[in-house]
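The values are calculated or read from the model by the stated rules, or taken from the named source; none is laboratory data. For clarity, every value in this text was computed on a predicted model and none was experimentally measured. FYI the Cβ positions are ideal-geometry reconstructions off the backbone, even for glycines, and counts take in every protein chain you see.
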């Protein structure tokens, strides 16, 4: 049986990937996020604009394309998400 990720799981994956690239470089490109998160460009674009408008990601102008890095609020959100995810999995629940 195939299990699909929830939207919050996809957001968590995006934030983790952006956090890794924020530490290494000046942010994650859209192509990097598409490959790491395994999501279509159309769906990713919608989620990215939502995350930027909510302040969880920052959009950075690069040479030819936008890059995304995690904000302070995004780091806080990601930390709380990981705690909650661990808590629910300890009780055998899914979010």
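Worth a mention:
- Hits in region 42-90 (condition: in a loop (DSSP other than H, G, I, E, B) and either under 12 Å from residue 22 (Cβ atoms) or modelled with pLDDT of 95 or more (or both)): 54, 55, 56, 71
- Restricting region 69-83 to residues that are surrounded by fewer than 17 Cβ atoms within 10 Å (Cβ to Cβ) and touching a helix residue (DSSP H, G or I) at 6+ places or on another chain (Cβ under 9 Å) leaves a set whose member that is farthest from residue 24 (Cα to Cα) is 82.
- Only a single item in (1) buried (at least 17 other Cβ atoms within 10 Å of the Cβ); (2) modelled with pLDDT under 95; (3) at negative phi is not met by residue 10, and it is number (2).
- For region 60-68, the criterion of being within 12 Å of the chain's Cα centre (by Cα), surrounded by 17 or more Cβ atoms within 10 Å (Cβ to Cβ) and closer than 16 Å to residue 7 by Cβ is met by no residue.
- Enumeration of residues in region 22-65 that are in contact (Cβ under 8 Å) with a residue 40 or more places away in the chain, in contact with a helix residue (DSSP H, G or I) (Cβ under 6 Å, 6 or more places away or on another chain) and closer than 21 Å to residue 80 by Cα: 56, 57
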